[in-house]
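The values are calculated or read from the model by the stated rules, or taken from the named source; none is laboratory data. Not measured: the values here are computed from a predicted model. All Cβ positions, even for glycine, are placed from backbone atoms using ideal geometry, and neighbour counts span all protein chains on display. Surface accessibility is based on the protein's heavy atoms, side chains included, excluding ligands, DNA and RNA. Shrake-Rupley method; radii C 1.70, N 1.55, O 1.52, S 1.80 Å.
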Amino acid sequence: MRVISKEYQAILDKSSAWNYIQNTPKPDFTELDKEVAKFERWIKKEHKKDRQLLREAARK
């Protein structure tokens, strides 16, 4: 793990770009989380269909 030295941290603290990054609030992922859950449900159904098709093909 890398550790920022005190000297380098002092330089970063004066940097407007670094302060902008550090002070920007984290984004709200609520909508993304909903879309991910929807996609997971969909892909599980599709995988189930694929497995069923593969089983049927293996029987023939």
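Roughly speaking, to the nearest percent, how much of the chain's 1.4 Å accessible area is carbon and sulfur?
Reported share for carbon and sulfur atoms: 59 percent.
For the chain, go through all pairs of different Cα atoms, get the mean of 1/r, take its inverse, and jot down that Kirkwood value in Å. Could the numbers behind the result be given before it?
Working: mean 1/r = 0.0605 Å⁻¹.
For the chain, the Kirkwood estimate is 16.5 Å.
Under a point-charge model restricted to the Cβ atoms of Lys and Arg (+1) and Asp and Glu (-1), what is the dipole moment magnitude of the chain relative to its Cα centre, in debye to the nearest 20?
My answer is approximately 680 debye.
I want the local charge near LYS38. Using Cβ-Cβ distances under 14 Å, sum +1 for each Lys or Arg and -1 for each Asp or Glu among the other residues.
For residues surrounding LYS38, the net value is -1.
Taking the Cα centre of the chain as the origin and placing charges on Cβ (Lys, Arg +1; Asp, Glu -1), which of GLN22, PHE39, LEU53 is farthest toward the positive end of the dipole?
LEU53
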